[in-house]
2 protein chains.
Amino acid sequence: MVKHAKTECDDAHFAVQDTLYVVGGKWKMMILSILVRFGTKRFGELVKLMGISARILSKELNELEQNKLISRKVCNTKPITVEYSATAYSKSLHEVLNAMIKWGRNHKKKIREK
Amino acid sequence: MVKHAKTECDDAHFAVQDTLYVVGGKWKMMILSILVRFGTKRFGELVKLMGISARILSKELNELEQNKLISRKVCNTKPITVEYSATAYSKSLHEVLNAMIKWGRNHKKKIREK
DNA sequence: GTTACTAGTTACAAAAAGGTTACCATGGTA
DNA sequence: TACCATGGTAACCTTTTTGTAACTAGTAAC
């Protein structure tokens with residue numbers, strides 16, 4: 001959680017920062033986007049789908065799991081596989097997620113128009 | 001704009017990344033939040049309000065201005081003052097902004113409950 | 001025995017983000 | 001004259017983030 005200097009802590013502006021603290025960065029929202037929209041995915045599938053390195057993905061998945069935003073399940077397959085899924089709590093982010101998808105698409109369109 | 005490896009570029013997951021590319025980071029959404037909700041603010045006011053350093057604020061404001069998300073106005077006061085305002089385009093972010101404020105507040109509440 | 005697949009981890013390097021301090025020019029005030 | 005405030009900028013440094021390459025362990029196919 002972000003530490004706030006002087007102002008009241010439940011100020012709207014700092015709430016924005018708190019959200020970014022949990023799901024900011026280059027990859028977390030994209031991982032959630034995939035798991036929420038496509039459903040359960042394996043580690044290796046995410047690597048290929050996203051073009052992310054295993055090291056970074058592993059770290060991001062751990063952090064998301066600690067914040068209860070995804071769940072991890074190890075499967076008894078020949079080479080063991082691990083499945084990641086969105087949790088109920090991660091679904092509380094759908095408004096943020098959808099708004100960002102919408103805005104990103106629109107912004108890219110605007111830029112291409114130039 | 002983020003460069004995408006192999007997948008189709010208008011994929012929802014990459015749209016999320018595109019949004020983060022423009023308004024991600026520790027400060028940009030907070031600046032927009034303040035300008036959208038409080039209205040026009042001067043440079044020095046933002047520094048005090050946010051607890052951000054002048055160097056970083058200056059950089060962030062420049063980047064937001066380049067993306068047409070804020071406008072800058074130099075005023076003919078005794079020591080010149082500079083006013084920053086949200087633009088019409090920045091208001092297209094209100095959905096993202098409001099969703100993030102709402103989620104951040106709720107998340108902090110959950111954490112305190114533990 | 002060798003190769004391959006799985007999901008990671010480790011060590012290392014590079015880049016990006018964020019921060020501190022000192023400084024500038026302007027003009028008003030004590 | 002010296003000091004204060006304004007909105008910056010430049011040099012420098014630290015921390016965080018991201019990436020690459022090599023390696024692990026278990027099992028199965030060749």
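The values are calculated or read from the model by the stated rules, or taken from the named source; none is laboratory data. Here the structure is a predicted model, which means the values were calculated and not measured. Positions of Cβ are backbone-derived with ideal geometry, glycine not excepted, and every protein chain shown enters the neighbour counts.
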Item checked: the range B:38-57, residues that are surrounded by fewer than 14 Cβ atoms within 10 Å (Cβ to Cβ) and under 27 Å from A:K26 (Cα atoms) -> B:G51, B:S53, B:A54, B:R55
Item checked: Among the residues listed as A:A88, A:A15, the single one being touching a helix residue (DSSP H, G or I) at 6+ places or on another chain (Cβ under 6 Å) and more than 12 Å from DNA strand D (Cβ to nearest atom) -> A:A15
Next item on the list: Name every residue in the range A:14-31 that is charged (D, E, K, R) and touching a His at 6+ places or on another chain (Cβ under 7 Å), in order of residue number.
Entry: A:D18
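So that you can scan it fast, the table gives a plain yes or no per residue for (1) of a type in the set (S, T, Y); (2) out of contact with any helix residue (DSSP H, G or I) (no Cβ under 7 Å at 6 or more places or on another chain); (3) more than 16 Å from DNA strand C (Cβ to nearest atom):
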| position | (1), (2), (3) |
| --- | --- |
| A:V36 | no, no, yes |
| A:K41 | no, no, no |
| A:E45 | no, yes, no |
| A:K48 | no, yes, no |
| A:C75 | no, yes, no |
| A:H94 | no, no, yes |
| A:L97 | no, no, yes |
| A:W103 | no, no, yes |
| A:K114 | no, yes, yes |
Next item on the list: Kindly indicate the residue of the range B:103-112 that is surrounded by fewer than 17 Cβ atoms within 10 Å (Cβ to Cβ) and of a type in the set (K, R) and also modelled with the lowest pLDDT among those meeting that condition.
Entry: B:R112
Next item on the list: Return yes when A:I56 is within 13 Å of DNA strand C (Cβ to nearest atom) and in a loop (DSSP other than H, G, I, E, B) and no when it is not.
Entry: no
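Select from the range A:84-114 the residues that are among the β-branched types (V, I, T) and assigned to a helix (DSSP H, G or I) and list them in ascending order.
Within the range A:84-114, A:V96, A:I101, A:I111 meet the criteria.
Name the single residue that is modelled with the lowest pLDDT among those in the range A:62-98 being aliphatic (A, V, I, L, M) and surrounded by fewer than 21 Cβ atoms within 10 Å (Cβ to Cβ). Spell out the reasoning first.
We begin by selecting, within the range A:62-98, every residue aliphatic (A, V, I, L, M); these are A:64, A:69-70, A:74, A:80, A:82, A:86, A:88, A:93, A:96-97.
Applying the additional criterion that residues be surrounded by fewer than 21 Cβ atoms within 10 Å (Cβ to Cβ) yields A:74, A:80, A:82, A:88.
On the way: A:V74: 96, A:I80: 93, A:V82: 97, A:A88: 97.
Checking each candidate, the answer is A:I80.
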Note to self: I'd like to verify a number: residues in the range A:27-73 that are away from DNA strand D (no atom under 13 Å from the Cβ) and β-branched (V, I, T), how many?
What the structure shows: 4
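Looking for something in contact with a His (Cβ under 9 Å, 6 or more places away or on another chain) and closer than 28 Å to B:L69 by Cβ - is there at least one such residue anywhere in the range A:40-58?
yes
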